[in-house]
Amino acid sequence: MDLVRHLEYFVAVAEERHFGRAAATLGVTQPPVSRAIKALEKHLGLTLVERTPDGAAITEHGAALLPRARLIVDDARRLTTTAESLTASGSVRIGLIPDLDDGIAARIATSVGVEARVETGGAVSLLDRVRAHELDVAVVDHPVVVDRLVAGPVIALPRRVMVPVGHRSARAQRPRLTMLSDLMFATAPRSANPPAHDLMLDAFRRHALDPEVFVANTSREIVIGVASGRCFGLVHAASKALPGTEHLDLASDDVALRVRIVRRDGEAESLADLVDRILLRANR
């Protein structure tokens, strides 16, 4: 039996308290509604609706099952809407913060299974685009305000400190963050995600480092700032050092990139689960 369709008929009868009105709401004649209710009752082994002189009354069992039936019907409608959106666009739309490693971004794009449109932006901008239905999911840095969106668990991705080649911290036997006091911190602008930006600077201050910020809009600008000898930056732990740079293990817990996946309620759950698995593998 078509369980979702039969539940849709049951919900309509429960809300209208009348078979005829329920049929009109569904855009069908009354007999199919009556047959659907009887088939559903037989399938469940329960009486859900009783006919009355005034129309239809929901039984105790029907009232108990009604909330769950509504959820199933709503989820089915959302699934259909999401599928239609993906079919219309021909792709899934994923937003990533620029801090995310290029290798991880490439694995996400190739693992989706359909044409993936991957776009980069600051967390605040990505969240706005998810809310506006311009993106299906986004990976943003934590903490961030995720008002009206569903956010997955926080995943900590290991990072290392990138310094200019030959810097005193790279020559030290026991390097410390305080050795970076002669360098600026190359990072995305604060407007990309104020809470995460401030939290990172607070972490540096706990290590007696209060760096001047060098605003870099892309990972390339961060690398250039470091290679020029003016800055230090943060890079995914698995990344190879580029010319003019060296990578150091400093304050690993504090400099880790904490991210989470956001989506709209009831949409893109399977896509979010897929991206989540890729991020968890990158965390190992």
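The values are calculated or read from the model by the stated rules, or taken from the named source; none is laboratory data. Remember, it's a predicted structure, so these values are computed and weren't measured experimentally. Ideal geometry is used to build each Cβ from the backbone, glycine not excepted, and the neighbour counts take in all protein chains shown. Note: accessible area is taken over every heavy atom of the protein model, side chains too, but ligands, DNA and RNA are not part of it. Shrake-Rupley method; radii C 1.70, N 1.55, O 1.52, S 1.80 Å.
Here are the numbers for the structure shown:
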| item | result |
| --- | --- |
| Options LEU48, LEU65: the member that is hydrophobic (A, V, I, L, M, F, W, C), touching a helix residue (DSSP H, G or I) at 6+ places or on another chain (Cβ under 9 Å), closer than 23 Å to GLY266 by Cα and without any contact (Cβ under 8 Å) to a residue 60 or more places away in the chain | LEU65 |
| Matching residues, region 131-183, being among the polar types (S, T, N, Q) and within 18 Å of ALA208 (Cα to Cα) | SER169, THR178, SER181 |
| Region 17-44 residues that are open to solvent by 20 Å² or more (accessible area, probe 1.4 Å), paired with ones that are among the hydroxyl-bearing types (Ser, Thr, Tyr) (beta carbon under 7 Å, 6 or more apart) | LEU26/TYR9; GLU41/THR47 |
| Any hit, region 54-61, residues being free of Cβ contacts under 8 Å to residues at least 60 places away in the same chain, of a type in the set (Asp, Glu), open to solvent by 40 Å² or more (accessible area, probe 1.4 Å) and closer than 22 Å to ALA76 by Cβ | no |
| Every residue from region 166-180 that is part of a loop (DSSP other than H, G, I, E, B) and within 30 Å of LEU279 (Cβ to Cβ) | PRO175, ARG176 |
| Members of region 92-109 found to be assigned to a helix (DSSP H, G or I) and of a type in the set (D, E, K, R), listed by number | ASP102, ARG107 |
| Residues being in contact with a Gly (Cβ under 7 Å, 6 or more places away or on another chain) and surrounded by 16 or more Cβ atoms within 10 Å (Cβ to Cβ) - total across region 160-183 | 2 |
| Residues satisfying the stated conditions in region 181-193, i.e. part of a helix (DSSP H, G or I) and in contact (Cβ under 8 Å) with a residue 60 or more places away in the chain | SER191, ALA192 |
